[in-house]
Amino acid sequence: MSTASSDSGTALSTPSPAPARSTRLPLAGLLALFTAAFTAVMTELLPAGLLPGMSRSLQVSEGRVGFLVTGYAAASFVAAIPLTAALRGVRRRPVLIGALAGFALCNAVTALSSAYWPTFGARLLAGVMGGTLWAMLAGYAARMVPAERRGRAIAIVLAGITVALSLGIPAGTALASLAGWRAAFGTVAVLAGALVPWVVRRVPDFPGEPAAERVPLRAIAAVPGIAAVLATTLLLLLGHQTMYTYMAPFSAHAGFGRTGLLLLVFGAATVAGIWLTGALIDRHPRATLLAALAAIAAAQLALGLFGARPAVLLTAVAAWGVAFGGAPTLIQTALVRISGPSRADVATAMQTTVYNAGIAAGSLAGGLVLESTGAGALPWTALPLIAAALVVVGTARRHAYPGR
C-alpha cells in the first residue's frame, strides 16, 4: 500500500525545503469511515436484538432468525478474499460507495420483506458488501494521513464498531420496541444511503494497487505469526457469537427478560474496554490480550453457573463487554505489526474472512444448541472456545504476540 508520492521524489537543484504536511487529521473523512464501520456492524448484528419480533413477523423460530446473522457472516467469509483480490486494481472510493449503496438496498429490502427467504437473500448480499468494506477500511484510513498518524486514524475509524455495540444495537432494539423491527432496519438503510454523498464530498479517492506491487496471498499467510493471530480471531468470534447472537433467549431463560438493558450494559462496557486497551496496548500488549480472553472465559463460566441471579448476570455481561471491547483492537494491532504496512490490506482481508467465519459458525452453533438443548447450554458452548483462544495466545511464539 503506497502513501503520498512526495516522499520518494529526486532532490532538486534548488535548496528550498519541501512543504510541510499538515499534522491535522482529516476528521470529516475519517468520521465518514467511522460511520461506515458503524453501519456495517448495525447491519450485521441488528437481528440479534430483534429475535422475538422478527420471529413472530416472519413466522419462523428464533433460531432461524439467528441464522440471518449466520448467512450474512457466511457471505462475508466467502466474498472477502476473492472480491478484495478482484478489486485491488480499482480506485478505492467507487468501491466504498458501491458497498454503502449495497447496504442501503439490502437493509431496505429487509425492512420491507414479509417472508423469511427474501430476507435471507438480502442478508447474503449485505454480507458480500460487508466482506468488501471491512477488507478496505483500515487501509483506507491509513492512506488518508501521514505515516506517524496512521494508528490514531485507524483507531477513529474502528471506534465505529464500539459505538455500534454500545449505542447502536441497544438504540435499534429500543426503536424496534416502539415502532417495530422494520423501522430499525429502515433507519439503517437511510443512514447507509446518506453516507454516499458524505463520502463523495469528504473522503479522498485513491488509485488501485498496481499489479506489479501485489503480494500473493500465500506469501502473506506464510509470514510467521499470522496463523496464530488468525486462529485467535476465529476462536474468539466463535465463542463470542455463540452467546451474543442469542442474548434475548438466554435473558428469558435466566428470568431477566430485559434484553435491551443487557445489550446496553454490554455495549457501554465495550467503551470502557477500548479506553483501557488504549492505555495498556503500547506497554503490555500480550498481557492485556491474555487478561481480556481470561475475563471473557470467566464471564461465560459465571453465566453458566449463576446466570439466573440478576446481579451476577449484569456483572458478567459487563465484564465480558469490557474484555471484548479491547480484544479485537489488540488482535488487529498484532496483525498489522506482523504483516507490515505494505501487506496490511491483504492480511486484513484474510482476517475479515476468518472473523466472519467465526461469526457465521458461532451464530449457527448457538442456534443449533438453542433449538436442541436450550438457552442454558449456550455459555457452556462458548466457554471452551474462548479457553482455546487463551491457550493459543499463551503458547504462541513472541513474533505472533510480542511484548509483555
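Selection among 376, 90, 114 by position relative to the dipole of the chain gives 90 as farthest towards the positive end (Cβ unit charges, Cα centre). Dipole size of the chain about its Cα centre, with +1 on Lys/Arg Cβ and -1 on Asp/Glu Cβ: approximately 620 debye, rounded to the nearest 20. The separation of the range 41-57 from the range 290-330, counted between C-alpha centres, amounts to 22 Å. Rounded to the nearest 10 degrees, the angle from helix 310-339 to the longest Cα principal axis of the chain is 30 degrees. Quick check: from the Cα gyration tensor, does the range 60-161 come out rounded (a/c under 1.5), prolate or oblate? Prolate, because a/c is 1.5 or more and a/b exceeds b/c.
Rg/Rh for the range 215-404 (Cα atoms only, Rh after Kirkwood) is 0.99. The angle between the Cα long axis of helix 259-280 and the longest principal axis of the Cα atoms of the chain comes to about 30 degrees, rounded to the nearest 10.
Placing unit charges on the Cβ atoms only, positive for Lys and Arg and negative for Asp and Glu, gives the range 26-214 a dipole magnitude near 300 debye about its Cα centre. Taking the chain as a Gaussian network of alpha-carbon nodes connected by springs under 10 Å, the highest mean-square fluctuation of the residues 59, 241, 300 belongs to 59. Compute the long axis of helix 181-202 from its Cα atoms, compare it with the longest principal axis of the Cα atoms of the chain, and write down the angle in degrees, 0 to 90, nearest 10. The answer is roughly 10 degrees. Put a plus charge on the Cβ of each Lys and Arg, a minus charge on the Cβ of each Asp and Glu, and nothing anywhere else: the dipole of the range 215-404 about its Cα centre is then about 480 debye.
Rg and Dmax over the alpha-carbon atoms of the range 256-358 stand at 15.6, 50 Å. Note on residue 314 and residue 373: their simple-model spin labels are 2.9 nm apart, each label 7 Å out from Cα toward Cβ. Apply the a/c threshold of 1.5 to the C-alpha gyration tensor of the range 26-214 and tell me whether it is rounded, prolate or oblate. Judged from the Cα gyration tensor, the range 26-214 comes out prolate (a/c at least 1.5, a/b above b/c). Note that the range 47-105 carries a Kirkwood radius of 13.6 Å, evaluated over its alpha carbons pair by pair. Highest average first, the peptides 165-178, 188-201 ordered by how many other beta carbon atoms sit within 10 Å of their residues are 165-178, 188-201. Using the alpha carbons alone, the radius of gyration of the chain stands to its Kirkwood radius in an Rg to Rh ratio of 0.98.
Across the options 65, 291, 257, the greatest Cα extent toward the positive end of the charge dipole of the chain (unit charges at beta carbon of Lys, Arg, Asp, Glu) belongs to 291.
Since every read-out is calculated from the coordinates, none of them should be taken as a lab result. Given the structure is predicted, the values throughout are model-derived calculations rather than measurements. Cβ coordinates were reconstructed from backbone atoms using ideal geometry, including for glycine residues, and neighbour counts include every protein chain displayed.
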